[in-house]
Amino acid sequence: MAYLIEAQDLVRLYPGVRAVDGISFGVEMGQCYGLLGPNGAGKTTTLELLEGIQTPTSGAVRFKGRPLDRTYAEAIGIQFQATALQEFQTVGESLGMFASFYRHMADRDELIRLCNLGDILDRDTRKLSGGQRQRLLLAVALVNDPELVFLDEPTTGLDPQARRNFWGLIEMVRRRGTTVLLTTHYMEEAERLCDRIAIVDHGRMIAEGSPAELVRAHFPARVIRLADSGWPEGTPLPDGALKGNGEIELYAEDVPEMLAELERIGADLTALRIATPNLEDLFLKLTGHALRT
Ligand code: ATP
């Protein structure tokens with residue numbers, strides 16, 4: 001398989017911390033690949049190793065099958081978690097300044113349309129809302145028309161509406177053929193945007209695949225939750241059931257069969273809920289802790 005970018009057994013040590021502890025994966029051209037994990041999992045450090053901003057303690061990054069070289073910076077775009085924008089500049093001026101750093105540049109009008117900046121081109125960059133600022137930073141990341149764009153937690157801090165709008169932009173970026181590598185701790189974001197994800201915790205990858213595949217590989221079709229006070233005394237929990245936070249969680253391939261069984265043993269079904277397992281459930285199952293910490 002020819003990858004556009006590949007991480008080969010990346011390790012990055014800081015004094016007393018194994019920030020990245022042996023991470024390997026590959027991203028194919030045109031894919032949206034997500035690194036999903038809680039704060040401190042090692043996502044940003046992994047991204048910085050792939051961006052060529054940091055050097056791995058060991059392991060390697062390959063772009064189009066070759067080690068990173070001086071031309072790499074022209075081929076990629078980066079939306080950092082926090083980028084300081086020049087003060088006393090308008091959105092339009094800011095875009096122009098970042099474009100001047102590159103030899104090759106995206107079509108300015110198209111970029112403005114894509115990132116929906118038309119109405120705020122003359123606005124001072126200090127006066128932008130969170131969503132507007134992220135749209136400008138996305139445009140900055142795309143200003144050199146990169147083949148591969150890195151987005152580090154692009155929607156953290158945005159309200160739900162602005163987050164959804166931003167997802168729409170990322171989908172448009174993908175439709176133009178740009179490969180996307182993003183980090184997030186929102187499982188909904190990963191499920192909506194990513195073809196493949198790596199779940200990262202404590203610097204290690206604990207699962208990798210398409211979101212649906214991963215969930216399906218680890219769970220039956222449905223999760224049934226009921227109050228643990230409603231469980232009949234003296235009846236053992238079925239294999240694989242979890243108990244905690246006042247709830248009992250059961251897994252079922254066949255929901256009617258499970259409900260019939262619960263009725264038969266006399267469980268109280270008043271507060272029963274049926275859910276489709278998602279990445280949040282998977283993360284909890286694999287690590288024993290929640291994704292958002
Ligand atoms: P977040 O979601 O909060 O951005 P993350 O998953 O991106 O977290 P990293 O920022 O990569 O995680 O950090 C991984 C670990 O490495 C953390 O324990 C962090 O404290 C540590 N770390 C990161 N940068 C440094 C540094 N420059 N010096 C020492 N430790 C660091």
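Restricting things to Cα coordinates, could you compute the convex hull volume per residue of the chain in Å³? Walk me through the numbers on the way to the answer.
Details: hull volume 47.2 nm³, N = 293.
Expressed per residue, the convex hull around the Cα atoms of the chain is 161 Å³.
Under the rule of at least 5 residues apart or a separate chain, name every residue whose amide H is placed under 5 Å from the amide H of Asp145.
Correct list: Ala106.
What size of dipole, in debye to the nearest 20, comes out for the stretch 145-293 about its Cα centre when the only charges are +1 on Lys and Arg C-beta atoms and -1 on Asp and Glu C-beta atoms?
Values: 16 positive and 26 negative charges, 78 e Å.
I would put it at about 380 debye.
Over the stretch 5-215, what relative contact order in percent results from Cα pairs under 8 Å that are six or more residues apart?
Details: 399 pairs, mean separation 65.7, N = 211.
Relative CO of the stretch 5-215 lands at 31 percent.
Could you tell me which of Ser210, Leu259, Ala73 has its Cα farthest along the dipole of the chain towards the positive end, charges placed at Cβ (Lys, Arg +1; Asp, Glu -1), taken about the Cα centre?
Looking along the dipole axis, the top candidate is Ala73.
Report the charge-dipole magnitude of the chain in Debye, nearest 20, computed about the Cα centre from +1 at each Lys and Arg Cβ and -1 at each Asp and Glu Cβ.
Around 820 debye, computed over the chain.
In nm, to one decimal, how far is the Met172 label point from the Ala275 one, both placed 7 Å along Cα→Cβ?
Rounded to a tenth, the inter-label distance reads 3.3 nm.
Roughly how large, in nm² to one decimal, is the mean projection of the convex hull of the alpha-carbon atoms in the stretch 148-254? Write out the running numbers ahead of the final one.
On the way: hull surface 38.9 nm².
Averaged projected area of the stretch 148-254's Cα convex hull equals 9.7 nm².
Report, for the chain, the % of DSSP beta bridges that are antiparallel, rounded to 5.
Working: 33 of 51 bridges.
The antiparallel fraction comes to roughly 65 percent.
What is the packing order of peptides 188-194, 176-182, 45-51, taking the mean over residues of other C-beta atoms within 10 Å and listing the highest first?
45-51, 188-194, 176-182
With θ set to phi - 60°, apply the Karplus curve 6.51 cos²θ - 1.76 cosθ + 1.60 along the stretch 86-93 and write out the HN-Hα couplings as whole Hz, x wherever there is a Gly or Pro.
The phi angles translate into 4, 6, 6, 10, 8, 4, x, 5 Hz.
Length gain on complete extension for the stretch Ala260 to Arg164, per 0.36 nm per residue less the alpha carbon to alpha carbon distance?
Working: separation 96, 0.36 × 96 = 34.56 nm, distance 3.95 nm.
The Ala260-Arg164 span can extend by a further 30.6 nm.
Would you mind ranking Thr270, Thr183, Thr125 so that the residue whose beta carbon has the fewest other beta carbons within 10 Å leads the list?
Numbers: Thr270 8, Thr183 25, Thr125 20.
Sorted ascending by nearby Cβ count, the order is Thr270, Thr125, Thr183.
For the stretch 34-145, what is the Kirkwood hydrodynamic radius in Å, using each pair of distinct C-alpha atoms? It would help to have the intermediate numbers written out before the result.
Values: mean 1/r = 0.0642 Å⁻¹.
Averaging 1/r across every pair of different Cα atoms and inverting gives 15.6 Å.
Relative to the present Cα-Cα distance, how much length would full extension add between Thr83 and Ala2 at 0.36 nm per residue of separation?
Numbers: separation 81, 0.36 × 81 = 29.16 nm, distance 3.22 nm.
Result: 25.9 nm gained on full extension.
Taking the Cα centre of the stretch 103-206 as origin and charging only Cβ (+1 Lys, Arg; -1 Asp, Glu), how large is the dipole, in debye to the nearest 20? Provide the component values of the computation, followed by the final result.
On the way: 16 positive and 17 negative charges, 26 e Å.
My answer is approximately 120 debye.
Expected output is a single nm value to one decimal: the length gained when fully extending between Glu208 and Ser229, i.e. 0.36 nm times separation in residues minus the C-alpha distance. What is it?
Values: separation 21, 0.36 × 21 = 7.56 nm, distance 3.66 nm.
Value of the extension gain: 3.9 nm.
So how far, in whole Å, is the C-alpha centre of the stretch 228-276 from the one of the stretch 29-69?
42 Å
Which percent of the Cα-Cα distances in the stretch 220-276 go past 16 Å? Present the calculation step by step, with values, prior to reporting the outcome.
On the way: 527 of 1596 pairs.
Tail of P(r) above 16 Å: 33 percent of Cα pairs.
Throughout, read-outs are computed from the coordinates displayed, never taken from laboratory work. Computed from a predicted structure; not experimentally measured. Positions of Cβ are generated from backbone atoms using ideal geometry, with glycine treated the same way; all protein chains shown enter the neighbour counts.
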